[in-house]
Structure formats: C-alpha cells, structure tokens
Amino acid sequence: MRWQVERSRAALGRACLDTVFLHNPELTGDRAVLPIVLREAFAVLEEAAAAGHLSTYGIATWSVFTEGLITVEELDRLATEVASSPDHRLRAVQLPVSLVEAGALELALDSRGPIGEAAERGWQVFVSAPCTAVSSCGQRLTILPRCCGRGCPSRRPACWRPPHVQG
C-alpha cells in the first residue's frame with residue numbers, strides 16, 4: 001500500500017494527497033479477515049498522513065455495508081485503535097447510491113445507516129454510481145440519462161455533506 005500512495009503522489013505531482021480511498025475491502029471475502037486487513041491498511045495510511053503525504057483516507061465500497069461485513073462504527077474503532085487516538089485520518093466513505101440502490105439514502109433520511117453514521121462523525125460521504133442501476137440479469141445499466149433526457153454531468157463521484165456541515 002505504501003508504494004500506491006507514493007505512486008499516486010508522483011503521478012499527480014502532489015506532495016500531499018487530499019483523500020486516499022481503500023477500494024472494495026469486501027473482496028477479502030471473509031468477515032473474520034476483514035478487520036485484520038483494514039487494520040494493516042489503516043496503519044500504512046496513518047503513517048502516510050503523519051508524514052504529510054495525505055490529509056485523509058477512506059473506504060470505497062460496493063457492498064461492505066449492505067452485506068453487513070462492517071459498520072461505520074467498527075471502522076471508526078479500528079482507525080482509533082491504529083492511531084491510538086480518536087483523531088485518526090479516516091474521514092470518508094464512498095458507496096453506491098442510485099435510483100435502484102437507494103437503501104443507504106433512505107436510511108440517511110432518518111440519520112441511520114452508513115451515510116448517517118459517517119455524517120455524525122463529520123466524515124465526507126461520496127456517492128458512486130449515481131447514474132447507474134442493475135438490471136434483473138445483473139447487467140449494469142446507465143438509466144438516469146434516459147430518464148432525464150441528458151447525459152450524466154460528471155463521471156466523478158458526488159460528495160454529500162449533511163446540512164450542518166459547511167464546506
């Protein structure tokens with residue numbers, strides 16, 4: 001993971017990266033192994049943050065929350081353990097929210113689920129795949145442009161911040 005941070009810094013020509021995402025931790029495939037993998041990754045990312053190479057880090061996932069593999073609370077606890085402080089640099093989550101995958105957004109309206117839990121901690125919540133859905137046969141479709149009559153304005157993830165967080 002260290003080389004990935006260094007490679008990203010070099011490729012972007014930046015001394016300090018804003019946010020580095022750990023992608024798809026659910027691919028470990030084992031709920032017992034996931035905290036071990038995350039703890040090791042968080043240690044590297046906390047070290048990079050302490051060295052001034054990144055400001056924050058986060059988790060980008062398709063299904064870690066919906067599969068119940070880990071919660072935002074557990075992520076926060078792991079990062080706190082690794083940093084030996086609640087002032088760790090884990091400050092972001094990214095998850096799919098779309099017309100079809102609206103469960104996390106529905107929970108957030110009641111300040112529950114991963115979006116609400118992250119927002120309570122002051123973390124940034126990034127939305128992936130806002131313009132896509134999955135057909136009944138599992139094929140990923142782009143449906144929002146058809147519904148709205150125009151293309152998706154950006155392929156970059158949208159960032160959602162709760163109303164009480166300015167920025």
Q: Give the number of residues within segment 48-66 that are under 12 Å from P25 (Cα atoms) and either open to solvent by less than 50 Å² (accessible area, probe 1.4 Å) or not hydrophobic (A, V, I, L, M, F, W, C) (or both).
A: 7
**Q.** Which numbered condition A102 fails, given (1) modelled with pLDDT of 85 or more; (2) open to solvent by less than 60 Å² (accessible area, probe 1.4 Å)
**A.** (1)
Q.
If the requirement is being touching a strand residue (DSSP E or B) at 6+ places or on another chain (Cβ under 8 Å), at pLDDT 85 or above and open to solvent by 20 Å² or more (accessible area, probe 1.4 Å), which of these qualifies: R89, R140?
A. R89
Q: Report whether or not L45 is in contact with a Cys (Cβ under 9 Å, 6 or more places away or on another chain), open to solvent by less than 20 Å² (accessible area, probe 1.4 Å) and within 25 Å of R14 (Cβ to Cβ).
A: no
Q) What do you reckon, is R77 over 18 Å from R121 (Cα atoms), among the charged types (D, E, K, R) and open to solvent by 50 Å² or more (accessible area, probe 1.4 Å)? A) no
(Q) Exactly one condition in (1) of a type in the set (A, V, I, L, M, F, W, C); (2) under 21 Å from H88 (Cα atoms); (3) assigned to a loop (DSSP other than H, G, I, E, B) is false for V20; which is it? (A) (3)
Q) So which residues in segment 13-40 are more than 19 Å from I115 (Cβ to Cβ) and either surrounded by 18 or more Cβ atoms within 10 Å (Cβ to Cβ) or among the aromatic types (F, W, Y) (or both)? A) V20, L34, P35, L38
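The values are calculated or read from the model by the stated rules, or taken from the named source; none is laboratory data. These figures come from a predicted structure and were not determined experimentally. Positions of Cβ are generated from backbone atoms using ideal geometry, with glycine treated the same way; all protein chains shown enter the neighbour counts. Accessible surface areas use protein heavy atoms only, side chains included; no ligands, DNA or RNA. Shrake-Rupley method; radii C 1.70, N 1.55, O 1.52, S 1.80 Å.
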